[in-house]
Amino acid sequence: MHFRRTATTDTELAGVPITRGDKVVVWFTAANRDPHVFPDPDRFDVTRDQVEHLSFGHGPHFCLGAHLARVQLRALFTAVLDLPGRLTPTGPPTRLRSNFQNGVKSLPVRHQLGSSPIQRWSD
């Protein structure tokens with residue numbers, strides 16, 4: 001989710017002076033909400049087609065499993081979006097505790113076809 005580096009030379013980034021020795025933190029999660037890149041960046045939208053996000057890292061820190069993860073996520077969202085009815089949350093998400101990854105460990109939901117619940121998922 002973030003990396004900290006130490007500036008080796010004086011420089012400037014987006015108009016902000018950075019002095020040699022300053023600690024600089026890159027927050028990938030903030031980059032994924034950049035309004036200059038993503039319209040309505042704080043809205044969850046599984047149909048968003050921009051691929052400039054940094055969820056799988058960048059450069060030498062790019063995730064080796066990113067391509068497989070994208071295929072798995074595409075299959076998951078396709079299957080869920082093809083379900084008749086709707087999913088509704090039945091409780092708060094349980095978040096992964098990590099400084100390196102941002103994720104949800106479980107999200108309890110109920111699948112409703114019409115008004116009667118037919119199945120419940122968790123984890």
Exercise for review: Say whether the condition of being polar (S, T, N, Q), open to solvent by 100 Å² or more (accessible area, probe 1.4 Å) and either in contact (Cβ under 8 Å) with a residue 24 or more places away in the chain or not in a strand (DSSP E or B) (or both) is met by at least one residue in the stretch 48-69.
Suggested key: no
Check your understanding: Restricting the first residue to the stretch 71-99 and requiring it to be farther than 30 Å from residue 27 by Cβ and touching a residue at least 12 places away in the same chain (Cβ under 8 Å), which pairs with a second residue that is basic (Lys, Arg) and open to solvent by 100 Å² or more (accessible area, probe 1.4 Å) meet a Cβ separation below 9 Å and a spacing of at least six or different chains?
Key -> 90/120
Revision key, fill the gap. Over the stretch 70-94, the set of residues open to solvent by 70 Å² or more (accessible area, probe 1.4 Å) and in a loop (DSSP other than H, G, I, E, B) is 82, 84, 92
Point to revise | Count of the stretch 35-47 residues which are open to solvent by 50 Å² or more (accessible area, probe 1.4 Å) and modelled with pLDDT of 85 or more | key: 4
Check your understanding: How about the stretch 95-114: which of its residues are in contact with a strand residue (DSSP E or B) (Cβ under 8 Å, 6 or more places away or on another chain) and open to solvent by less than 70 Å² (accessible area, probe 1.4 Å)?
Key -> 96, 103, 106, 108, 109, 111, 112
Check your understanding: Would you say residue 22 is open to solvent by 100 Å² or more (accessible area, probe 1.4 Å) and either of a type outside the set (Lys, Arg) or touching a Cys at 6+ places or on another chain (Cβ under 8 Å) (or both)?
Key -> no
Study note, to complete from the structure: Those residues of the stretch 1-16 that are surrounded by 10 or more Cβ atoms within 10 Å (Cβ to Cβ) and not in a strand (DSSP E or B) come to a total of 3
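The values are calculated or read from the model by the stated rules, or taken from the named source; none is laboratory data. Note that the structure is a prediction, hence the values are computed from the model and not measured. Every residue, glycine as well, gets a Cβ built from its backbone with ideal geometry; the counts of neighbours run over all protein chains shown. Calculation scope for accessible area: heavy atoms of the full protein, side chains included, ligands and nucleic acids excluded. Shrake-Rupley method; radii C 1.70, N 1.55, O 1.52, S 1.80 Å.
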